[in-house]
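Below is one structure, written out as C-alpha cells; the observations come after it.
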Amino acid sequence: MPPLEASKNPIAVLAENVCRHYQMGEALIRAVDGISLEIRSGEFVALLGTSGSGKSSLLNLIAGLDRPTSGRVVVHGSDLASLSRVELAKYRLHTVGMVFQSFNLIPSMTLFENVELPMRFAEVDRNKREALALKALERVGLAKRKKHRPTELSGGEQQRASLARALINQPRLLLADEPTGNLDSRTGTEIMNFIREFNESLGMTIVMVTHERALAERYAGRMISLADGKLIDDRATASAATAMMRRGES
Amino acid sequence: MKLYDSTELALRNLRESFLRNSLTTIGISVGVASLVAMLSLGIGLQKLAGRRLEKSGLFDTVIVTSRRDLRSFNREQEDNGPSPADSPALDEPARQKLEQLPNVIEAYPDVRFITELRFEGSPHLTMVAGLPFSSKNNDAFDGMQGSFFSSDSAPEAILQKSFAEELLGKTPKRGAEDVNVSELAKSLLGKELVLSYTERTATANTSSGASESADSAAYSVIRHQQILKIVGVSDLDPDSMRGQARARVFLPLKFAESLHVMQASDMRDTTRLPGSVPTYSNVSVRLKSPKNVQAIEDAIKKMGFNTFSITDATRSMRQFFAVLDLFLGIFGSLALAVASIGIVNTLVMAILERRREIGIMKALGASDADVKGLFFAEAGAMGIFGGAVGVALGWTIGRIINIGTNVYLRRQNFPPEQIWFVPWWLIAGAIVFSIIVSLLSGLYPASRAARLDPVQALRYE
C-alpha cells in the first residue's frame, strides 16, 4: 500500500527508544541502541543496513522472539514486554508470520506437514487443516509437490513453501529476514512478487530485512536504514513516489 | 497442541532416528524384563510354597483345644479369656456346638495314640491317628498308592511312606537315593498289621451308680489286639503341620474312636466319667472356605476355647515373601534405572540435534508447553514400547527358567513344579511403571527443550 494512504491507517508497530544489549564477556554489544519508529498497518517497510547493523535484532524484537533490554515494542496495541511467555507464543502464532533467509523448513517433514505445523499449535481442527494447507500451497504454486521433503526442492520452491507456512494462520504482520538472500535474482524476484501481492491484496503489513538497497527501492514503500544499532535514515522510496504519481495521474 | 498431535509428531520423530531410539527402547525393555522376571519368580515361589501348604488340606481347618488342657499355641490366648478352670470342656456336646457354627462343614476330634504295631511278627512302635472320611478328597492323597478306606468304620490302615520303609526294613540311609513309593506299596498293599492297644472302659459299679461322684469315676484299662488291612501307602505326609506328634499310620476316624484307646489326655482328666461323654484333646473344625478362618477362630475363642490355624503359621511366611518380593523388585528396578539414564541421554542428544527445529517451532508460535509435550510424548512412547516388549521378554525369560528348572527336577526324579507365575497385574504394573519411569526421565530434557531461546536456537547450524 502506498505510504501516503497508509499513513492514515492505525499504527501496527510502535517502537519507543528500544535497546537490545548483549554482554559478551567484558564487552557490551549494543545490537539495537535506542530506536524509535512507527509502522502503520498495510505498510511495506524495508530495514536496510550492513551486517551487524542491528536490523535482524530489531526484527526479532518485533517478532516477539526476543525481549528488549529497555524501551518498548507495541504491536497492534499490545506491549510485547508485558506479555507472558504463553501470551508471547500466542502472539507469534496468530499475529506474526515469519520468513527466513535459510527457509527454515523442518527437513523431516513433507511440504504439506510443514505448512500444516502452525495449525497444530493453533489447535485447528484436523479436518479443516488439510483444505487450508492445500489452499496455501496452491497459492504459491506448490500443491503438486505437497508430499516432497524440503531437500527435494529448489531454493525458490522452499522459500515459497515457507511463505505458505507464514500465511497459514492469517497473520496481520509478515516479517521477512533477507527472504531472497539465498536465491538467484530471478527466483528472488518471484518471491518478492509474492510478498508484494500479500501486501497489496491482503493488506498485510510487511517488515523486510535486506541489505540490497535496489530490492528495497523496487518493492518497499519505505526504507529505514540502520547502522550500529541506530536509525540513520527513514524515507519513502522512489517506487512509492512513482506509485503515488501514477495514482495522482489516474 | 492437542495430545493427538503431540503423539503423532513424537512418533514421527522417533521414526526419524530409528536406530538410536530403538536401542534406547531395548534398554527399557531389558529393564522391564528383569523386573518382570524377578517378580514373577518371587510370586511363583510364593505360590509354590502356598500350594504345598494347601495340599496339607489344613488351610480351611481350625484346630480347637480346651483351655483346661493347659497347653496352648500362643501366650496371647493364655492371657486373654477365662481361666482354665472356668473354661468349658472340649467334649462331645462342645464338638456338636462347633459343628453348628456357620460355614463349618464338620468338626471331628483328634484321635491319636502311640502304640505297637506288628508286621510279619516284628513289633514297630509308632503314632497312630484317626483320619476323617472327608479327607478322601484331600489333595494330600493325590500321590497315594492303593486306595482310601472303604468305609469310616473299616479296620483298615493307610501308611505313611517312612513307616512303610521301616516295615520293610528299607529305611534309606542319609544321602542315599529315595525308595519309590510304588515299590513299597507292591509288597505291602492287602497285607495285615496287628494293632495292640489299651482300651479304657468304665468299671461295672460306675455304670450302675446313680451319682457321678469322684469315687465312681473309676475305669479299667484292658489290652486288646486288632487286625488291620493295609489299603494305602502315601507319599506325602497328610498329617503335616498338625502339632508336634506326627502320625505315621492312619485309621478311619470312626473306627479309631470306637476302639476307646487310652489317650494321653485321659491321664490328666481322670476325674471325668469315661464312656458316657467323651472328651477330646483337640477338635479339628473344617470350614467351607479358607476365607472364613479368622471369623470362625474369633467365634470359637468367644466360646472359651483356644484355637490354632495354618493361617497363623503362614502369616510369617507371607511376611517373608513380601520382603523377598521387595528385594527382587529393587534388583529388577536397577536395570530400569540404568535404562532411564539411557532415555535422558537420548532425549538430550535429540535436543542438541533438533535445536534448530525447536527454534523454528517456537518462531512459528509453539509454546513452551507444546515443546515440552512433544518431548514428553517421545519419552512416553519409548516407555510404552519398552514396557510392552519388556513384559514379553520377561515372560519368556521366566518361562525358560521354569522349563530349565523342570528339566533339572525331572532328572532328579522330582515332580515338575511351576516356580514362575506372571499375574495380570504384574503385566499392567510393569508397563505403567515403565511409562512413569520414562516420563520422569523425560522431565529434564523436556523442560530444557522448552526453555531454549528461539533466537539462539535459530542461529544454531
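Bear in mind these aren't lab numbers, they're just calculated from the coordinates by the rules spelled out. These numbers come from a predicted model, not from an experiment. Note that each Cβ is placed from the backbone with ideal geometry, even for glycine, and that neighbours are counted across all protein chains shown.
Where nothing but the Cβ of Lys and Arg (+1) and of Asp and Glu (-1) is charged, how large is the charge dipole of the protein assembly as shown around its Cα centre, in debye to the nearest 20? Can you show the working numbers first?
On the way: 83 positive and 77 negative charges, 325 e Å.
Roughly 1560 debye for the protein assembly as shown.
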> For chain A, modelled as a Gaussian network with Cα springs under 10 Å, which listed residue fluctuates most, A:Leu59, A:Leu226, A:Leu134?
Replying inline: A:Leu134
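In what sequence do A:Asp233, B:Asp152, A:Asp66 fall when counting other Cβ within 10 Å, fewest first? Intermediate results must be reported in sequence, preceding the final value.
On the way: A:Asp233 11, B:Asp152 18, A:Asp66 21.
Ranking A:Asp233, B:Asp152, A:Asp66 by Cβ neighbours within 10 Å, fewest first, gives A:Asp233, B:Asp152, A:Asp66.
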> Where does each of B:Val391, A:Val32 land when they are ranked from fewest to most other beta-carbon atoms within 10 angstrom?
Replying inline: B:Val391, A:Val32
>> In chain A, if the dipole is taken from +1 on Lys/Arg beta carbons and -1 on Asp/Glu beta carbons about the Cα centre, which of A:Ala216, A:Ile11, A:Leu173 is farthest to the positive end?
In response: A:Leu173
>> Only Cα pairs within less than 10 Å get springs; with that Gaussian network setup on chain A, which residue of A:Ala27, A:Ala63, A:Ala216 has the largest fluctuation?
In response: A:Ala27
> Using alpha-carbon positions, what is the distance between the centroids of segment B:325-368 and segment B:3-55, in Å?
Replying inline: 17
> So what's the convex hull volume per residue for the Cα atoms of segment A:85-219, in Å³?
Replying inline: 109
> Based on the Cβ-Cβ distance of A:Arg67 and A:Lys8, what FRET efficiency does E = 1/(1 + (r/R0)^6) give at R0 = 25 Å, to the nearest 0.05?
Replying inline: 0.20
> Given N residues in segment A:103-170, what is Rg(Cα) / (2.2 N^0.38 Å)?
Replying inline: 0.97
> In debye, nearest 20: dipole of segment A:103-170 around its Cα centre with unit charges on the Cβ of K, R (+) and D, E (-)?
Replying inline: 140
> Within straight cross-link reach of B:Lys362, meaning Cα distance under 26 Å, which lysines are found once same-chain residues fewer than 8 apart are removed?
Replying inline: A:Lys55, A:Lys90, A:Lys128, A:Lys135, A:Lys146, A:Lys147, B:Lys2, B:Lys372
> Between segment A:110-169 and segment A:81-95, what is the C-alpha centre distance in whole Å?
Replying inline: 23
> Taking the C-alpha atoms of chain A, how large are the radius of gyration and the largest Cα-Cα span, Dmax, in Å?
Replying inline: 18.0, 60
> Which of the lysines could a cross-linker bridge to B:Lys291, judged by Cα under 21 Å and excluding same-chain residues fewer than eight apart?
Replying inline: B:Lys47, B:Lys55, B:Lys97, B:Lys301, B:Lys302
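Under unit Cβ charges (Lys, Arg +1; Asp, Glu -1), what dipole magnitude, rounded to 20 debye, does chain A have relative to its Cα centre?
Details: 33 positive and 29 negative charges, 129 e Å.
The calculation lands at about 620 debye.
So what is the 222 nm mean residue ellipticity for the protein assembly as shown from helices alone, if each DSSP H run of at least 4 adds -39500 (n - 2.57) and you divide by all residues, rounding to the nearest 500 deg cm²/dmol?
That calculation yields -15000 deg cm²/dmol at 222 nm.
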> When the C-alpha atoms of the protein assembly as shown are aligned to their principal axes, what extent does each axis show, in angstrom, from largest down?
Replying inline: 151, 54, 52
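Restricting the count to DSSP beta bridges whose residues both fall in the protein assembly as shown, what percent are antiparallel, rounded to a multiple of 5? Don't skip to the answer; put the middle values down first.
Working: 67 of 94 bridges.
DSSP beta bridges in the protein assembly as shown are roughly 70 percent antiparallel.
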> Using the Kirkwood radius built from alpha carbon pairs, what does the Stokes-Einstein equation give as D for segment A:1-126 at 20 °C and 1.002 mPa s, in µm² per second?
Replying inline: 130
>> Springs between alpha-carbon pairs under 10 angstrom, Gaussian network model over chain A: which of A:Pro179, A:Pro68, A:Pro107 fluctuates most?
In response: A:Pro107
> Going toward the positive end of the dipole of segment B:410-461, with +1 on Lys and Arg Cβ and -1 on Asp and Glu Cβ, which of B:Ala430, B:Ile419, B:Gln456 do you reach last?
Replying inline: B:Ile419
